[in-house]
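Visitor: Below you'll find the structure I mean.
The values are calculated or read from the model by the stated rules, or taken from the named source; none is laboratory data. If you're wondering where the values come from, they're calculated on a predicted model, not measured in any experiment. Cβ atoms come from the backbone with ideal geometry, glycine included; neighbour counts cover every protein chain shown.
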Amino acid sequence: MVWLPVPSMDDWEGRHRPPRASRRVLFGAAAVGAVTALFAERIPRWLGMRLTPTANSLPAGTVRALGPTAQVPVGGGKVFRAAKVVVTQPAAGTFKAFNAACTHAGCLVDTVQDGKIGCPCHPGVFRIEDGTVVSGPPPRPLTPVTVTIQGNQMYLRT
């Protein structure tokens, strides 16, 4: 006859009960996660890492070349997607520039024709003269930006 040990009740519960975390452990894990999330955005800056600048993050007073004035037809305009700017020429030699983000949902405007600037997302339409709303859901006019003309070149000042 072979003798087999009979497990006691304590052994059985210890081996078959799922592990449980105490409230203290769960609270500690939540605190570590919250602190990590809070500082995750700031750590690269503290370490001296720099992100590639975008048109909106360039330091104030920065000048950016847009291109020749010949790209902007009289009575029309051109959208410079990389700079997020739309430049119009309502009358010969008069240049106006606006932030290309629509004031409704932030989509970039994409067309300039017939004296109007059009947004593709929700049919918002703006005037090329002053960026005011002609029709559609945008609540405010386009934000003006400063463009300088030197010779036949356009420069965006931020």
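Visitor: Tell me, yes or no, whether region 29-40 has at least one residue that is modelled with pLDDT of 90 or more and among the hydroxyl-bearing types (Ser, Thr, Tyr).
Guide: No, region 29-40 contains no residue that is modelled with pLDDT of 90 or more and among the hydroxyl-bearing types (Ser, Thr, Tyr).
Visitor: If you don't mind, there's one more thing I want to ask. Picking from Val125, Val85, Val112, which residue would you name as being among the β-branched types (Val, Ile, Thr), in contact with a strand residue (DSSP E or B) (Cβ under 6 Å, 6 or more places away or on another chain) and without any contact (Cβ under 8 Å) to a residue 24 or more places away in the chain?
Guide: On the way: Val85 fails: without any contact (Cβ under 8 Å) to a residue 24 or more places away in the chain; Val112 fails: without any contact (Cβ under 8 Å) to a residue 24 or more places away in the chain.
The unique qualifying residue is Val125.
Visitor: Given the criteria assigned by TED's automatic domain parsing to the domain that holds Ala101, within 14 Å of Phe98 (Cβ to Cβ), of a type in the set (Val, Ile, Thr) and without any contact (Cβ under 8 Å) to a residue 24 or more places away in the chain, does Val145 qualify?
Guide: In short, no.
Visitor: Could you check region 93-135 and list, in sequence order, the residues that are polar (S, T, N, Q) and closer than 21 Å to Ala70 by Cα? So that I can check it myself, show each step before the final result.
Guide: Here is the first cut: in region 93-135, the residues polar (S, T, N, Q) are 94, 99, 103, 111, 113, 132, 135.
The answer is Thr94, Asn99, Thr111, Gln113.
Here is a yes/no grid of residues against (1) among the polar types (S, T, N, Q); (2) at pLDDT 90 or above:
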| residue | (1), (2) |
| --- | --- |
| Cys107 | no, no |
| Val112 | no, yes |
| Gly118 | no, yes |
| Gly124 | no, no |
| Asp130 | no, yes |
| Val134 | no, yes |
| Pro137 | no, no |
| Thr148 | yes, no |
| Arg157 | no, no |
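Visitor: If we only count strands (runs of 3 or more DSSP E) wholly inside region 65-131, which ones have 1 or more residues that are among the acidic types (Asp, Glu) and loosely packed, with under 14 Cβ neighbours inside 10 Å?
Guide: Numbers: elements: 76-80, 85-91, 94-99, 111-113, 116-118, 125-127.
Result: empty, no element qualifies.
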